[in-house]
Amino acid sequence: MCLKLMKGTYISLLKSCKSLSQLKQIQAHIFSVGLQQDRDTLNKLMAFSMDSSLGDFNYANRIFKYIHTPSLFIYNLMIKAFVKRGSFRSAISLFRQLREHGVWPDNYTYPYVLKGIGCIGEVGEGKKVHAFVVKTGLAFDAYVGNSLMDMYAELRLVEGFTQVFEEMPERDTVSWNIMISGYVRCKRFQEAVDVYRRMRKESNEKPNEATVVSSLSACTSLRNLELGKEIHDYIVNELDLTTIMGNALLDMYCKCGHVSVAQKIFDTMPVKNVNCWTSMVTGYVTCGLLDEARDYFERSPSRDIVLWTAMINGYVQFNRFEEAIALFGEMQMRGVRPDNFIVVTLLTGCAQSGALEQGKWIHNYIDENRILVDAVVGTALIEMYAKCGCIDIALEIFHGLKEKDTASWTAIICGLAMNGKTSRALELFEAMQVRGFKPDDVTFIAVLSACTHAGLVEEGRKLFHSMTSVYDIEPNLEHYGCFIDLLGRAGLLQEAEELVRKLPNENDEIIVPVYGALLSACRTYNNIDMGERLATALAKVKSSDSSLHTLLASIYASADRWEDVRKVRSKMKDMGIKKVPGYSSCLE
């Protein structure tokens with residue numbers, strides 16, 4: 001009876017405790033009277049020790065280590081605390097200890113354990129815990145089921161969260177939200193949209209802020225303006241517009257090309273954060289309206305690094321490089337530290353405009369400010385120097401990279417090819433694969449171009465056919481164009497023509513350069529018959545490419561078919577096409 005009275009006294013003291021020092025005094029008394037292993041007292045002591053306004057995690061952890069047989073309540077407290085602190089492996093380790101001590105987890109244990117597993121990407125551990133959930137009979141608990149789905153979504157395992165969702169006897173709004181956001185995380189945007197529609201049709205649960213934000217994200221990626229408008233109407237009629245929802249709408253309308261609608265929403269939003277201003281700047285940049293974008297940029301009350309990057313990227317994208325550099329200078333004056341994205345954007349601009357001096361200045365800036373030269377920054381430096389003709393510096397940077405990826409290998413191979421270093425480009429292509437990097441479609445454009453410039457027909461043929469047979473990459477028009485150009489320059493016109501017939505079914509305007517390469521070869525090798533066949537095929541193409549029509553006329557002229565030359569000239573006149581200076585004067 002005396003012990004029970006003491007327990008009540010100490011629990012009352014804990015409830016009235018107002019500071020960590022008082023808590024420590026009470027804890028010392030509890031241990032001195034022999035209550036250090038009493039379950040009720042320990043539960044209360046640990047609960048107060050974990051209180052953020054009163055306790056201290058490290059102090060609570062020291063108490064925990066003195067407990068011989070922690071209760072499930074205490075285990076749950078500790079697991080939750082570890083996860084919230086980002087100590088995910090410690091939380092999972094504690095879960096294993098709990099099971100080893102014969103304590104059965106409940107629906108408060110699993111959500112934090114599953115969160116920890118998702119955050120560290122332990123797929124195998126996640127599946128084990130899922131099996132244990134089923135064994136303990138909590139698979140149909142909504143809280144646990146939602147946590148399982150969220151874990152699988154974090155692990156990017158579509159089949160995992162889909163299976164859990166479909167097996168749930170009851171789904172709440174959170175279940176639907178995790179399903180939609182899970183598909184968005186996995187870039188399965190159409191499936192996300194389908195789940196939203198299914199929720200509206202099958203469920204009595206109403207979409208909330210999280211639902212519409214994830215669904216609008218999917219609409220944005222799919223450019224599904226129709227559903228985006230439908231969700232907008234739902235927000236207007238059923239929800240109070242928040243800043244988060246408003247920004248999702250702005251992003252959707254801007255990326256779908258309806259910046260004027262976004263502007264109206266923006267003007268009516270009572271509270272705007274920096275993301276809203278960034279969406280408007282990005283929207284106007286996308287439409288090529290850089291002056292309007294700059295106006296929103298200047299009016300923004302605050303500017304984070306993302307907003308600065310959006311505006312600088314806009315100038316680079318539309319070849320207003322001097323303004324990009326000037327804005328970068330202003331950013332530095334305002335004390336905003338640039339990140340990797342901005343220096344990559346500026347280096348891209350240098351590469352596009354051949355601005356070697358500015359590129360060198362940015363390179364020096366990177367070194368002086370100790371900006372990490374990772375694979376992304378390294379690739380941008382390689383491309384800049386290669387396109388500016390400084391291939392030796394590009395090679396030096398490439399070899400100095402501690403971490404390389406497919407893009408950095410591709411950049412140096414492409415740089416070597418464009419600078420006439422064909423043999424070295426092909427050597428690095430082989431070395432890339434030896435080092436375990438798989439070439440992608442861009443890599444093959446680089447090596448095929450190298451073969452074309454060097455006239456390496458057999459090597460080019462082997463590479464082209466290996467794309468599908470070895471690397472499972474379907475050649476696109478650029479790959480066909482490179483190989484057809486290689487064959488045409490080598491005089492292998494029949495093989496080139498057979499390839500032309502196999503071209504992917506694309507927009508006619510896109511295939512014109514490929515036909516043009518073969519037409520040029522026909523003129524070089526005076527193959528009138530093939531030129532006529534290509535001309536018949538091209539007669540159906542309403543192209544504005546003057547070089548194509550000039551080539552066609554040149555082939556007719558070489559065969560003294562002047563009536564056909566006049567027809568080509570007449571067609572060009574009807575279509576409003578002007579001959580580019582420098583081509584043959586056979587149309588004159």
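Numbers for the structure displayed
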read-out: Residue under evaluation Asn76, criteria (1) within 30 Å of Val195 (Cα to Cα); (2) surrounded by 19 or more Cβ atoms within 10 Å (Cβ to Cβ), criterion not met; value: (1)
read-out: Matching residues in the range 447-468 - criterion: being touching a residue at least 24 places away in the same chain (Cβ under 8 Å) and open to solvent by 70 Å² or more (accessible area, probe 1.4 Å); value: His453
read-out: Residues of the range 395-413 satisfying the condition of being farther than 15 Å from Leu426 by Cα, more than 19 Å from the chain's Cα centre (by Cα) and either without any contact (Cβ under 8 Å) to a residue 12 or more places away in the chain or part of a helix (DSSP H, G or I) (or both); value: Glu396, Ile397, Phe398, His399, Gly400, Lys402
read-out: First in the range 429-446 and closer than 12 Å to Ala411 by Cβ, second anywhere and surrounded by fewer than 15 Cβ atoms within 10 Å (Cβ to Cβ), Cβ under 9 Å, 6 or more apart; value: Met432/Lys438
read-out: Flag if Val123 is at pLDDT below 95, of a type in the set (A, V, I, L, M, F, W, C) and surrounded by fewer than 16 Cβ atoms within 10 Å (Cβ to Cβ); value: yes
read-out: Failed condition for Pro207, given (1) in a helix (DSSP H, G or I); (2) open to solvent by less than 50 Å² (accessible area, probe 1.4 Å); value: (1)
read-out: Qualifying residue in the range 370-378 (condition: acidic (Asp, Glu), farther than 27 Å from Arg294 by Cα and surrounded by fewer than 20 Cβ atoms within 10 Å (Cβ to Cβ)); value: yes
read-out: Residues of the range 231-254 that turn out to be open to solvent by 40 Å² or more (accessible area, probe 1.4 Å) and in contact with a Lys or Arg (Cβ under 8 Å, 6 or more places away or on another chain), as a count; value: 1
read-out: Checking Gly257 against (1) open to solvent by 30 Å² or more (accessible area, probe 1.4 Å); (2) on the phi < 0 side of the Ramachandran plot; (3) not aliphatic (A, V, I, L, M), the condition it does not meet; value: (2)
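Results for (1) open to solvent by 40 Å² or more (accessible area, probe 1.4 Å); (2) modelled with pLDDT under 75; (3) not assigned by the TED database to the domain that holds His453, shown as yes or no for each residue.
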position: Glu497; (1), (2), (3): no, no, yes
position: Val512; (1), (2), (3): no, yes, yes
position: Tyr515; (1), (2), (3): no, no, yes
position: Met530; (1), (2), (3): no, no, yes
position: Thr536; (1), (2), (3): yes, yes, yes
position: Ser547; (1), (2), (3): no, yes, yes
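The values are calculated or read from the model by the stated rules, or taken from the named source; none is laboratory data. Please read all numbers here as calculations on a predicted model, not as lab measurements. Cβ atoms come from the backbone with ideal geometry, glycine included; neighbour counts cover every protein chain shown. Note: areas computed on protein heavy atoms with side chains; ligands, DNA, RNA excluded. Shrake-Rupley method; radii C 1.70, N 1.55, O 1.52, S 1.80 Å.
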